[in-house]
């Protein structure tokens, strides 16, 4: 499955829309892990956790082709002058037609199943999903059991600030998904 089909299937399995670029990135990260469908997104460490430049450029292609719509919501401006915006993604009618053609495939079914697992595990918002993605990214790269304090230290090395209570919730989410790789629930000080 290529990255275009993957994103269309992800949107289809998410009810035809997702709110926010960060949420799209993190859901794609977890869905690709849980589904076993590898569309070549190649996630790397970034500000808000694992990020795929391929996913970002593929969404732009899907928008340009008229299969995905993007709406932005303005939330004001930081004191430094930066705008606060959220970009939401929705399947267009043409995008829905493509998803309908993809629904019978095993890849779509795996993607839909992975999306449902995320929903059943608590369906976290973009912030919690970002922290969980950071924690899993660290666990996956180290490929060994780690305590919460070890995960936090590694996150700091990557310049990711994770509060202990947020990490606890992230680890709980990962446990529900079966993605903890034996991490310890040690309380970080």
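The values are calculated or read from the model by the stated rules, or taken from the named source; none is laboratory data. In this text the structure is predicted, and so the values were computed from the model without any measurement. Cβ: placed from backbone, ideal geometry, glycine included. Neighbour counts: every protein chain shown.
General observations
- All helices (runs of 4 or more DSSP H) inside segment 92-189 with 2 or more residues being more than 20 Å from residue 18 (Cα to Cα) and touching a helix residue (DSSP H, G or I) at 6+ places or on another chain (Cβ under 8 Å): 126-142, 148-157, 164-177
Residues checked against (1) modelled with pLDDT of 95 or more; (2) surrounded by fewer than 20 Cβ atoms within 10 Å (Cβ to Cβ):
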position	(1), (2)
16	yes, yes
22	no, no
31	yes, no
60	yes, yes
63	yes, yes
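- Taking (1) surrounded by fewer than 19 Cβ atoms within 10 Å (Cβ to Cβ); (2) under 22 Å from residue 130 (Cα atoms) in turn, residue 103 satisfies each apart from (2).
- Among the candidates 23, 10, residue that is in a helix (DSSP H, G or I), in the same structural domain as residue 106 (by TED's automatic domain parsing), within 14 Å of the chain's Cα centre (by Cα) and closer than 15 Å to residue 117 by Cα: 10
- Positions within segment 31-58 being in a helix (DSSP H, G or I), over 14 Å from the mean Cα position of the chain (by Cα) and touching a residue at least 12 places away in the same chain (Cβ under 8 Å), in sequence order: 58
- Flag for residue 117 being surrounded by fewer than 20 Cβ atoms within 10 Å (Cβ to Cβ), within 15 Å of residue 26 (Cβ to Cβ) and modelled with pLDDT of 90 or more: yes
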